[in-house]
Amino acid sequence: MLTLQREGIEDPKLWANTFYTTVDHIALFVDLPAQSLKRIDRLKQARIQTRLLEVHAILRRVQPWFSNEQAAWSWFIGEPITSFGRLTPSEIIKQYKSDGVEAINDYITAKEMGAFE
């Protein structure tokens, strides 16, 4: 099970350790300022936690498609989705914000139900 929380909040340091990357890298791909992920006062803000929770939920949904958490993260940051103009899930979120999160979740639901691209 993908665990990225500590003391009830999404913890970017756990994300970085799990995905063998840096907090700056995480910030880039979840479309948040790096300082917001490094300073505890900012990290606890609702907007920051909401985005991290949204991405975490996406990663949990697709993890069964892959052999490990790192592969799910690689899909999120690097797999172009044809039906979205070959944007990656991360790029979709950057471009469309919350609407992008909803679109990715709809895409995942369709794939789970057997849809093709």
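Comparing Ala27, Ala71, Ala46 in a Gaussian network model of the chain (Cα springs below 10 Å), the most mobile by mean-square fluctuation is Ala46. Taking Cα centre as origin and charging only the Cβ of basic (Lys, Arg, +1) and acidic (Asp, Glu, -1) residues, the dipole magnitude of the chain rounds to 360 debye. Note on Phe19, Phe116: ascending count of other Cβ atoms within 10 Å places them as Phe116, Phe19, the fewest first. Going from the residue with the fewest nearby Cβ atoms within 10 Å to the one with the most, Phe66, Phe84 rank Phe66, Phe84. When the Debye formula is applied to the Cα atoms of the chain, each taken as the same point scatterer, what base-10 log of I(q)/I(0) results at q = 0.19, 0.20, 0.22 Å⁻¹? Values returned for q = 0.19, 0.20, 0.22 Å⁻¹ are -1.01, -1.12, -1.34.
Count Lys and Arg as plus one, Asp and Glu as minus one, and take only other residues whose Cβ is under 12 Å from that of Gln45; the net charge is then +3. Taking other Cβ atoms within 10 Å as a rough exposure proxy, Arg51, Arg86 sort from fewest to most as Arg86, Arg51.
Coordinate-derived values only; no laboratory data. Note that this is a predicted model, so its numbers are computed, not measured. Because the Cβ atoms are built from the backbone with ideal geometry, glycine has one as well, and the counts that use them run over all protein chains shown.
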